[in-house]
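The values are calculated or read from the model by the stated rules, or taken from the named source; none is laboratory data. This is a predicted model, so every value here is computed, not measured. Backbone-built Cβ (ideal geometry, glycine too); neighbour counts: all protein chains shown. SASA here: full protein model, heavy atoms, side chains in, ligands and nucleic acids out. Shrake-Rupley method; radii C 1.70, N 1.55, O 1.52, S 1.80 Å.
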Amino acid sequence: MTVTAFASETEARFALARQVADAVLFEGYVLYPYRASAAKNRLRWQFGVLVPPGWGAECEEHDFQHTECLMEPKAGATLSVEVRFLHARRRTVQRVRPDGGFETVAELRLDDRVLVPWDEGGEERVEVVAPVDALLGDGVTHPFRRPAREDTEPVLDAAGRTVGRLLRRCEEISGTIRLSARELDGPYRVLRLTAVVENTSAWTPSEARDAGRDAALPHSLVATHLLMALSAGSFLSMTDPPEWAKGAVAACRNLHTWPVLAGETGTADLVLSSPIILEDHPAIAPESPGALYDATEIDEILALRTAALTDEEKREARGTDERAAAVIELADSMPAEVLERLHGAVRSLREATGPAPVAADVGFPDEHGVQRPDTPWWDPASEAGFDPAKDHVLVDGRPVGKGSRVELRPGLRRTDAQDIFLRGRTATVEAVLHDVDGGVHLAVTVDGDPGADIRREQGRFLYFQPDEVTPAEDAEDDA
């Protein structure tokens, strides 16, 4: 394979993996409600921050990531590595003075947005390509540097007049990528690959007021992770290795990062090493309409809450960051059918039971697992012998079934705060459910809940076990 062909093929594989890598890169970048004034957006960037080594030994963050994984390269194989991170870009807002100069302000109000100071994240990428044989012994060291830079962007009003400008400043950062490999003893030719990413920036705080995290971030590598691809050969799963490799996998050291197989399921020539622990072959849900940047994001509720922001809140979000502005536009323009798909999708059951029958008039899920609105939440024909609407369970010697009123008494084994908050409340039983292990669960709606009708319509209930409820004193036997 020629160098050009290999580079083209590697880029195609990286492009697929970057869908997930982008989620790592921007995880928690700007949190709902997407405004700089929100308290949770004032402590920026939580994952993969490699700080300058001179920023004191007492900080809880690190100046390096250390990845080790196993690979079985074929003869003449080449390793391609791509390190990705964000470079903090400090943005200052300035307003035009009467004399034509500029002055720094806390905010600049426009018709469609309110511009405020903010640390933007610019994507950076460092690439290293080396023959696997060159990694043996001392390996390969690749230093890199990003110089300090400053730029300005004019701010225009609706009439096209300059009313201010945005001043952006990036500080110099530098780092090093170290790649090495060692052949392991055993019946198969296996190499332990070591990849270390270091922040080598020389910055140190000059005064006590500069010693905080906020001062160190512009000199840090933020959300750092790496992609590694073999031109020929494969990597071994660190999560589910073959039996013969379990000892060698256990001996690998991974510090501040974790490598998983990436790319299409069934392939093993690509690895994503991330500060967020992922499963092998992670993928973005096909229902997700776009990035919401919120940690452990739940698309449906975030889209609904974002659309419900006031016009003033949306103006500030648009002025906070271009990505926040894109989230606002996404929520405001999302079609009803796209929002419906965010309601939930069952995949594991489809895999276990096979594809659903193709019958347009019975309401089976579509190709993404989304139920049609007229689909019943329970299909009696699929569970002979059980009927959630008619089954009963004895609680304190009294039969409890659909329509029974009970008092909620969550047990000590429950750790969900929301259950504890409901202790002592009365509820109506909507169904008696049996799981595959023989357990019984009561689906309930809390009395006085204004959303009870919606929960019934959607089949989204709260669930308690029989020993976590008692029949309400004013309830009548349903037997």
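Any idea which of A216, A208, A195, A229 is modelled with pLDDT under 95, buried (at least 21 other Cβ atoms within 10 Å of the Cβ) and of a type in the set (A, V, I, L, M, F, W, C)? Give the steps one after another, and end with the answer.
Values: A208 fails: buried (at least 21 other Cβ atoms within 10 Å of the Cβ); A195 fails: modelled with pLDDT under 95; A229 fails: modelled with pLDDT under 95.
Residue meeting the stated conditions: A216.
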statement: Of those in region 116-168 that are loosely packed, with under 14 Cβ neighbours inside 10 Å and aliphatic (A, V, I, L, M), the residue farthest from K314 (Cα to Cα) is L136
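Which count do you get for residues in region 175-190 that are in a strand (DSSP E or B) and open to solvent by 20 Å² or more (accessible area, probe 1.4 Å)? I'd like the intermediate steps shown before the answer.
Restricting attention to region 175-190, the residues satisfying the condition of being in a strand (DSSP E or B) are 175-183.
Right, trim to open to solvent by 20 Å² or more (accessible area, probe 1.4 Å) and you get 178, 180, 182-183.
Looking only at that region, the number is 4.
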Criterion (closer than 30 Å to P259 by Cβ and open to solvent by 20 Å² or more (accessible area, probe 1.4 Å)) met by exactly one of R84, R89, R113: R89
task: Answer with yes or no whether A223 is open to solvent by less than 30 Å² (accessible area, probe 1.4 Å), touching a Lys or Arg at 6+ places or on another chain (Cβ under 9 Å), part of a strand (DSSP E or B) and farther than 22 Å from P147 by Cα.
output: no
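Quickly run through region 38-69 and pick out the residues that are among the polar types (S, T, N, Q) and open to solvent by 50 Å² or more (accessible area, probe 1.4 Å). Don't jump to the end; show me each part of the working.
Step one: filter region 38-69 for residues among the polar types (S, T, N, Q), giving 41, 46, 65, 67.
Listed by number, the list holds a single entry, Q46.
Any residue at all in region 116-127 that's more than 30 Å from T320 (Cβ to Cβ) and part of a strand (DSSP E or B)?
The first filter runs over region 116-127 and keeps only residues more than 30 Å from T320 (Cβ to Cβ), leaving 127.
Those still in the list that are part of a strand (DSSP E or B) too: 127.
Yes, region 116-127 contains at least one residue that is more than 30 Å from T320 (Cβ to Cβ) and part of a strand (DSSP E or B).
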field: The listed residue being open to solvent by 30 Å² or more (accessible area, probe 1.4 Å) and farther than 25 Å from S201 by Cβ, out of P275, P242
entry: P242
- request: Enumerate the helices (runs of 4 or more DSSP H) found wholly within region 280-336, keeping only those where 2 or more residues are more than 14 Å from the chain's Cα centre (by Cα) and within 30 Å of T265 (Cβ to Cβ).
  value: 299-307, 322-333
